[in-house]
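Only one structure is covered here, and it is reproduced in the block below.
The values are calculated or read from the model by the stated rules, or taken from the named source; none is laboratory data. Here the structure is a predicted model, which is why all the values come from computation and not from measurement. Cβ: placed from backbone, ideal geometry, glycine included. Neighbour counts: every protein chain shown. For the accessible areas, the whole protein counts, side chains as well, though only heavy atoms, and no ligand, DNA or RNA atoms are used. Shrake-Rupley method; radii C 1.70, N 1.55, O 1.52, S 1.80 Å.
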Amino acid sequence: MITTSAKTTSANGTSANGTSANGTPAGRRIGFACLAGAMVLVGTTVIASKTIAGGAGPGGMGPFTATALRFALAFPLFLLLMRWQRVRLPRPGWRDLGLLVVQAGAGSVGYTTLLISGLALTSAADAGVVIGTLPVVTGAIAVMVLGERPGRRLLVAIALAAAGMMTVAAGGADGRGAGDGGTSSLAGNLLVLGAVVCEGVFILLNKKLRTPIAPLALSTMMTGLGFIAAALPALVLELPWAAAPETAALLGIAWYALVPTVIGFVLWYAGAARVSGAEAAPFTALAPVSAVALAALVLGEAVSLPQILGVACVLAALAALQIPKLQVSKLQLPNWASWRRR
């Protein structure tokens with residue numbers, strides 16, 4: 001589960017409670033530190049998923065079981081946060097409830113299971129590059145599925161992100177993409193890309209809710225619904241009572257549930273409450289960078305030149321979404337709305 005902006009901010013940088021989103025200089029520095037910490041924690045989800053995937057061999061734990069355990073650990077903590085913040089669970093209508101169920105299946109279960117499955121086949125560094133394409137993939141889905149007209153910046157970002165993906169794929173094809181410490185697989189990278197697509201679907205479906213739901217309540221509902229959606233196939237397909245997962249895999253699940261999911265949520269929302277949305281968005285670039293760096297530092301993967309070039313392309317794509325609107329003398333295409341991740 002990936003988190004973003006805490007309090008809804010308007011175009012002039014005012015938060016939903018009417019206070020300035022920018023705050024004092026000291027408050028903004030704290031906000032920047034919280035945002036950076038949150039995105040570094042998002043990068044650790046790749047390392048945790050690689051650890052879980054590595055312990056899912058014969059007698060190990062399947063991806064649906066791991067996902068269900070992740071949500072089972074995180075859900076009570078979100079309930080405690082709701083009680084502390086005095087936030088109540090909403091009562092959505094049937095249409096919104098259906099959208100929430102689909103969101104949980106895609107953004108919560110689909111993302112986590114595909115990420116774990118992909119990392120059983122590819123390197124954490126490759127996966128780190130791929131997850132960095134989320135904003136661009138979301139924009140592409142909006143164009144292809146929702147019929148939104150792409151702005152020039154989005155087209156440039158899509159091209160750069162595609163170049164980054166092809167660079168990583170080309171590096172893996174000749175055996176160098178994962179470095180010495182891992183394996184690289186086109187199938188694994190495609191599974192990770194599928195996880196990114198699932199998260200993009202979540203983002204776009206969230207825009208279709210008739211009644212907006214507070215971020216903390218939404219994350220709590222996604223965690224609870226995600227547990228149900230993951231537990232059912234886990235019971236039928238993976239027989240979790242017969243599993244004998246490695247200790248490292250269990251620790252990876254605990255880390256994923258408690259640190260990036262819950263603490264990452266708190267850090268991002270604390271940071272986004274102190275700065276404007278435009279200031280917060282560039283920090284998402286830290287997620288792929290931290291994932292690739294941690295792949296080398298924690299897992300011992302040798303980061304290759306194709307992966308470095310892939311990260312550079314992804315960072316350039318993210319920058320293309322943030323730079324001032326390009327002026328075109330004859331043709332002006334509408335800019336794609338700013339993306340949000342949970």
- Might you check whether a residue that is open to solvent by 40 Å² or more (accessible area, probe 1.4 Å), of a type outside the set (A, V, I, L, M, F, W, C) and either in contact with a Phe, Trp or Tyr (Cβ under 7 Å, 6 or more places away or on another chain) or over 18 Å from I228 (Cβ atoms) (or both) occurs anywhere in the stretch 64-82? no
- Task: Of all residues in the stretch 204-225, count the ones that are in contact with a Phe, Trp or Tyr (Cβ under 9 Å, 6 or more places away or on another chain) and β-branched (V, I, T).
- Result: 2
- Screening T223, T261 for residues that are touching a helix residue (DSSP H, G or I) at 6+ places or on another chain (Cβ under 8 Å), farther than 18 Å from I131 by Cβ and buried (at least 18 other Cβ atoms within 10 Å of the Cβ) leaves only T223
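Kindly indicate which of L267, L239, L218, L232 is in contact with a helix residue (DSSP H, G or I) (Cβ under 8 Å, 6 or more places away or on another chain) and open to solvent by 40 Å² or more (accessible area, probe 1.4 Å).
On the way: L239 fails: in contact with a helix residue (DSSP H, G or I) (Cβ under 8 Å, 6 or more places away or on another chain); L218 fails: open to solvent by 40 Å² or more (accessible area, probe 1.4 Å); L232 fails: in contact with a helix residue (DSSP H, G or I) (Cβ under 8 Å, 6 or more places away or on another chain).
On inspection, the qualifying residue turns out to be L267.
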- the stretch 187-243: number of residues that are closer than 29 Å to D126 by Cα and β-branched (V, I, T): 6
- Since P245 meets every condition but one in (1) open to solvent by less than 70 Å² (accessible area, probe 1.4 Å); (2) within 30 Å of L146 (Cα to Cα); (3) in a loop (DSSP other than H, G, I, E, B), which condition does it not meet? (2)
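Which one is most open to solvent (accessible area, probe 1.4 Å) among residues in the stretch 149-166 that are in contact with a Pro (Cβ under 8 Å, 6 or more places away or on another chain) and modelled with pLDDT under 85? Step through it out loud before you land on a result.
Start the filter on the stretch 149-166 by keeping residues that are in contact with a Pro (Cβ under 8 Å, 6 or more places away or on another chain), which leaves 149, 151, 157-158.
Within this subset, residues satisfying the condition of being modelled with pLDDT under 85 are 149, 151.
On the way: R149: 141, G151: 2 Å².
Among those residues, the one meeting the criterion is R149.
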- Query: Mind checking which pairs have a first residue in the stretch 218-242 that is touching a residue at least 60 places away in the same chain (Cβ under 8 Å) and a second that is of a type in the set (S, T, Y) and assigned to a helix (DSSP H, G or I), Cβ under 6 Å, 6 or more apart or different chains?
  - Reply: M222/S108; G226/S108; A230/T67; A234/T65; E238/T65; P240/T65
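For the stretch 136-159, which positions are assigned to a helix (DSSP H, G or I) and farther than 19 Å from L190 by Cβ?
Going residue by residue through the stretch 136-159, those that are assigned to a helix (DSSP H, G or I) are 136-144, 152-159.
Across the stretch 136-159, the qualifying residues are G139, A142, V143, R152, R153, L154, L155, V156, A157, A159.
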